[in-house]
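The values are calculated or read from the model by the stated rules, or taken from the named source; none is laboratory data. Just so we're clear, the structure is a prediction, and the values are computed from it rather than from any experiment. Here the Cβ positions follow ideal geometry from the backbone for every residue, glycine too, while neighbour counts run over all protein chains shown. Remember, those area values only see protein heavy atoms, side chains included, never the ligands or the DNA or RNA. Shrake-Rupley method; radii C 1.70, N 1.55, O 1.52, S 1.80 Å.
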Amino acid sequence: MFLCLRGLAGGEGTGYCRGGDHYLMRGTCFPYEFCREIWRTDREDRCEYSNGETFVSGPPLETCPPPPHERAPFCGRGCDECPDDGFGFGATNGRCTGMNEERGLGVCAVTVPCDRENGARLLEQVSDFYLEPAACLVERDGSELTEEGWPVSLETCRAYRARYPGEFACVDPATGWLDVDGE
């Protein structure tokens with residue numbers, strides 16, 4: 001799971017933790033307990049989830065389901081940490097994203113986010129690694145899609161979207177910023 005600590009060392013972090021730890025400064029990760037304790041203090045520093053929501057008590061513990069795709073498995077509390085597979089263009093498969101205070105599972109995603117501008121090119125590169133189509137896992141904000149997503153295998157994206165209906169879309173930026181299945 002990825003959590004950055006806001007306020008310390010001059011602002012938000014730029015790196016990610018692969019397992020159940022949380023990001024504070026490049027190369028330094030902290031466990032859930034650290035983020036819980038810092039929430040209880042009067043400090044301004046706070047841990048964040050990958051979507052920017054503030055960590056309060058942590059995501060629920062869930063049983064990890066079988067991986068929908070071996071190179072893009074589920075992650076989070078109860079799962080193994082994400083594999084640190086390199087993609088050859090400066091990115092790894094080490095980002096566990098999607099969890100929050102209500103969702104105890106995330107997906108192992110590429111560490112480079114996708115958006116309308118770079119998403120199509122990025123998904124081509126990621127699809128080569130997965131040996132199947134990829135998609136941007138994009139969170140819904142009400143009826144709108146957020147402006148940024150996380151590259152994962154299309155199979156994993158669909159499985160995660162089905163697990164949390166109405167909360168995510170699987171987007172292929174080459175065809176527009178819409179769910180590939182019209183959901």
Worksheet item: With respect to residue 182, is the statement that it is in contact with a strand residue (DSSP E or B) (Cβ under 8 Å, 6 or more places away or on another chain) and assigned to a loop (DSSP other than H, G, I, E, B) true?
Response: no
Worksheet item: Can you pull out the residues in segment 49-66 that are buried (at least 16 other Cβ atoms within 10 Å of the Cβ) and touching a helix residue (DSSP H, G or I) at 6+ places or on another chain (Cβ under 9 Å)?
Response: 55, 58, 59
Practice prompt. State whether the residues of segment 117-130 include one that is under 16 Å from residue 50 (Cα atoms) and at pLDDT below 90.
Written response: no
Discussion item. Can you pull out every residue in segment 67-81 that is part of a loop (DSSP other than H, G, I, E, B), in contact with a Phe, Trp or Tyr (Cβ under 9 Å, 6 or more places away or on another chain) and open to solvent by less than 50 Å² (accessible area, probe 1.4 Å)?
Written reply: 68, 69, 72
Practice prompt. Please go through segment 142-169 and pick out each residue that is charged (D, E, K, R) and either part of a helix (DSSP H, G or I) or open to solvent by less than 30 Å² (accessible area, probe 1.4 Å) (or both).
Written response: 155, 158, 161, 163
Worksheet item: What are the residues in segment 131-141 that are surrounded by 21 or more Cβ atoms within 10 Å (Cβ to Cβ) and more than 17 Å from residue 103 (Cα to Cα), if any?
Response: 134, 135, 136
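How about segment 170-179: which of its residues are in a loop (DSSP other than H, G, I, E, B) and either open to solvent by less than 60 Å² (accessible area, probe 1.4 Å) or acidic (Asp, Glu) (or both)? Quick ask: steps written out before the conclusion?
Of segment 170-179, the ones in a loop (DSSP other than H, G, I, E, B) are 172, 176-178.
Residues satisfying the conditions are 172, 176, 177.
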Worksheet entry | Checking residue 120 against (1) of a type in the set (A, V, I, L, M); (2) without any contact (Cβ under 8 Å) to a residue 60 or more places away in the chain; (3) open to solvent by less than 10 Å² (accessible area, probe 1.4 Å), the condition it does not meet | (3)
